[in-house]
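The values are calculated or read from the model by the stated rules, or taken from the named source; none is laboratory data. These numbers come from a predicted model, not from an experiment. Methodologically, a virtual Cβ is constructed for each residue, glycine included, from the backbone with ideal geometry; neighbour enumeration extends over all protein chains shown. Calculation scope for accessible area: heavy atoms of the full protein, side chains included, ligands and nucleic acids excluded. Shrake-Rupley method; radii C 1.70, N 1.55, O 1.52, S 1.80 Å.
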Amino acid sequence: MRLAFPTDLTALLSTGLLRSVGSLGIKVATAGLTYLTYVVLARTMNPEQYGYFAFGLALATVLAIAAGMGQSTAILRLWPQLRGQGEKAEAAAGLASGSAITILASLAIGELLCLFALTIQPLVAPGQPVIHFLGAALLILPMALSEYNSSALRAQGSLWTALLPRDIYWRLALPLIVLGLYALGVILSGPDALTLSAVILLAMLGLQYVLAGQQGYSLRPSLSYVAIKSHWQRWGGLSKWLLLGALIETFTLNADIILVGLMLDLESSGLYFNAFRTAGLMTLFTFAIELVIAPMVAEHYHARDMRKAQAITTLCAWAGFAFSLVIFAIFLFFGDFVLSLFGPAYAGGALVLVLLAFGLLFDAATGPSKIVMMMTGHERAYVAIFGVIMGLGFLVQIVVIPVWGVLGAAAANMGARIIAQIAIALWCRYRIGLDTSLFGVLALLRGQHRPAS
């Protein structure tokens, strides 16, 4: 039987799908270049130095999200919400204040990490440097600001300028420069690779500012203490919960790597890093669509047009799951070969890859549940549900890693993610009134898209 949708929904889904395909194209290229970067670094470094890089990158990623103070998610919600309410000046001021807050927090957290590294240097064992902490500190500002700029530009309707500098140009330049240095006989250490990443990303941010200005988009940070304070007083409560949500999500994607490095060794951290980043390829289409639909969900939900909001989330769930299922099958049958691209030392992690990928398959099946909760004012519930379940999973990892190593870490992550994703999808269905899962198509066809009580 052929499914038929009303004309207005067909037009909405076509527009969303076309933009999502463009976003997917960028994200596929990004994944390929990111994968190439990891392969190049793994091949040109010894396993220990690559472990330093993996550890430092994971640490910088978590701290960069903390430095963002929830502003990158907030602007996706506030820009369409405020402009829809006729508060265009407030929307512009909020965008500038969010940029300033991100920069100031990044500098503060980077300085604290440097101080921490210098403090513990006399306490670590001889031959165990802490310079990779300093490399991670340098990455915090460019990573945090690039995330905010991407969100700010997408909120204003830009896609290419929002994504190309960070997702393509940076990831293309890094492996090319590493290979060029290697050809000249220069072999980078882990901290060197982190520092080089920071320098190139800062250059890409400069390019993004120039391109955005030429196209009429705003990225300029506020220089007014009064404006920044006013923005935080009005939206600080929201930002704190969005920050917690972003931190939890980033923590679940990076804490395992840090934990494995601390409890086992940096070589194991590098193996787990490669397996997790490879498994993450499954969520490419889901993530690409979420980049597009986040402001759309906020717009239609706050306008109480639940019918269109349900259509958007249904599109995201089905498109993302179909893509994820194909990639999961590749990992299931060719996992050893995929990981061997990083080098012979990493080829034995196929089971780790499959376990992590199975958990992410449930992520795709439950659709854009996180985005829906963040864009509809249920960020506190997201923090509570997802945070508690994944936190318990992290505690389980602390227990099982000494016994089962990286396999134990992967199994615990998989189990916690499955439970958490089902829980937040159920919340969206029964408390928000949007079925974000694959079953959302039934709610759409039956007209079950009214706000939940």
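With distances taken between every two different alpha-carbon atoms, the chain has a Kirkwood hydrodynamic radius of 22.5 Å.
Available extension along the chain between residue 337 and residue 439 is 33.3 nm, counting 0.36 nm per residue and deducting the alpha carbon span. Let me know the shape class of region 220-310, please: from the alpha-carbon gyration tensor, a ≥ b ≥ c as square roots of the eigenvalues, rounded when a/c is under 1.5, otherwise prolate if a/b is greater than b/c, or oblate. Because a/c hits 1.5 or more and a/b fails to exceed b/c, region 220-310 counts as oblate.
Given their separation in residues at 0.36 nm each and the Cα-Cα distance between them, residue 234 and residue 351 gain 37.3 nm when the chain is fully extended. Listed peptides 232-238, 182-188, 347-353 appear in the order 347-353, 232-238, 182-188 once ranked by packing, highest mean of other Cβ atoms within 10 Å at the front. Note on region 238-262 and region 304-360: Cα centroid distance 20 Å, given to the nearest whole angstrom.
A Förster radius of 25 Å, combined with the Cβ-Cβ distance separating residue 399 from residue 265, puts the computed FRET efficiency at roughly 0.85.
Please work out the Cα center distance from region 205-221 to region 130-167, rounded to the nearest Å. Each part's Cα centre sits 13 Å from the other's.
When each of the peptides 218-229, 74-85, 357-368, 378-389 is scored by how many other beta carbons lie within 10 Å of its residues on average, the order from highest to lowest is 357-368, 74-85, 378-389, 218-229. Normalised by the number of residues in region 363-453, the mean separation of alpha-carbon contacts (under 8 Å, six or more apart) gives a relative contact order of 35 percent. The slack between residue 118 and residue 183, meaning 0.36 nm per residue of separation minus the straight C-alpha distance, is 20.1 nm. Solvent exposure of the chain amounts to 41 Å² per residue of accessible area, where only protein heavy atoms count and the probe is 1.4 Å. Per atom type, the chain shows carbon and sulfur on 70% of its accessible surface, probed at 1.4 Å.
Residues in region 136-164 near a label at residue 214, defined as backbone nitrogen under 13 Å from the 7 Å Cα→Cβ point? Within reach of a label on residue 214, which here means backbone N under 13 Å from a point 7 Å along Cα→Cβ, region 136-164 contributes 161. Over the C-alpha trace of region 112-264, radius of gyration and Dmax come out as 18.6, 55 angstrom. Remark: relative contact order (the chain) = 20 percent; criterion is Cα-Cα distance under 8 angstrom and separation of 6 or more residues.
A cut-off under 12 angstrom between Cβ atoms defines the neighbours of residue 299, and their net charge, with Lys, Arg +1 and Asp, Glu -1, is +3. Oblate is the label for region 272-406, because the ratio a/c of its alpha-carbon gyration tensor axes (a ≥ b ≥ c) is 1.5 or higher and a/b is not greater than b/c. Coupling constants for region 356-371 follow from the phi torsions by the Karplus curve (6.51 cos²θ - 1.76 cosθ + 1.60, θ = phi - 60°), and in residue order they are 5, 5, 5, x, 6, 5, 5, 4, 5, 5, 8, x, x, 4, 4, 4 Hz; glycine and proline get x.
In this simple spin-label model, placing a label point 7 Å from the Cα along the Cα-to-Cβ direction at both residue 446 and residue 87 gives a separation of 3.8 nm. All other residues whose Cβ lies under 14 angstrom from that of residue 344 are scored, Lys and Arg at +1 and Asp and Glu at -1, for a net of -1. For region 204-210, putting each phi into the Karplus relation 6.51 cos²θ - 1.76 cosθ + 1.60 with θ = phi - 60° gives couplings of 5, 5, x, 4, 5, 4, 5 Hz, in residue order, rounded to whole numbers and with x for Gly and Pro. How high is the relative contact order of region 31-157, in percent, with contacts defined as C-alpha pairs under 8 Å that are six or more residues apart? RCO, region 31-157: 38 percent. Taking a ≥ b ≥ c as the square roots of the Cα gyration tensor eigenvalues, with a/c under 1.5 meaning rounded and otherwise prolate when a/b beats b/c, else oblate, which class fits region 149-228? Prolate is the answer for region 149-228, as a/c is 1.5 or above and a/b outweighs b/c.
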